[in-house]
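The structure appears below as structure tokens.
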């Protein structure tokens, strides 16, 4: 495996960390959940399109894996709904039929474990190519507006000014919001990613950290953290 390909695989594992699996067959669902968990992915399940839509409203995912044979044409309805919401999250169908529509990726269930990584590789290659980007390691540097966040040192810098030292939670919270810029990051996800599954952390407690970040980011009027009532937060610039 070349270094370039190894870097790419690292990116693939990162962008597919949190998966929503939509599968109505309990046997297939159980096998796929075990496969994802063995690969250190976080996986949530939905048995049909309606339940999947509910989860998408309140959760943030890196990848959707959808059984093409969901009853009542649920798979394509769900797919169109995802795209209509302007979600750029990749979608993989489980299907024996190859889709001709550009941007739709499919894997046969029998070959899923064998072809999952190579399909992810194709997805990120196409995405990077479309955006004129090169394959890179997960960055230490994150940008929002005129701010630069150095996660290695947890330093937030406005333009070329003096950097501000962030606390570990402030750094993780800001990094996670920037990673999902313009998307709703829900309370449950932040509990997992920033507060290590501490269910006692309320949105009120999170707001203390959000208020601190807002004060630090107010130098750039384009940068905004929106509080979505009872759900979570969205950062934009």
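The values are calculated or read from the model by the stated rules, or taken from the named source; none is laboratory data. Everything numeric here is computed off the predicted structure, so don't read it as measured data. Cβ atoms come from the backbone with ideal geometry, glycine included; neighbour counts cover every protein chain shown.
Scanning segment 204-219 for residues that are closer than 24 Å to residue 140 by Cβ, crowded, with 17+ Cβ neighbours inside 10 Å and free of Cβ contacts under 8 Å to residues at least 40 places away in the same chain turns up at least one hit.
Considering only residues in segment 187-202 that are in contact (Cβ under 8 Å) with a residue 24 or more places away in the chain and surrounded by fewer than 17 Cβ atoms within 10 Å (Cβ to Cβ), the one that is farthest from residue 234 (Cα to Cα) turns out to be 192.
Residue 60 passes every criterion in (1) touching a residue at least 60 places away in the same chain (Cβ under 8 Å); (2) over 23 Å from residue 183 (Cβ atoms); (3) surrounded by 16 or more Cβ atoms within 10 Å (Cβ to Cβ) apart from (2). Here is a check on your reading of the model: is residue 173 crowded, with 18+ Cβ neighbours inside 10 Å, farther than 30 Å from residue 25 by Cα and modelled with pLDDT of 85 or more? Against the criterion (crowded, with 18+ Cβ neighbours inside 10 Å, farther than 30 Å from residue 25 by Cα and modelled with pLDDT of 85 or more), residue 173 qualifies.
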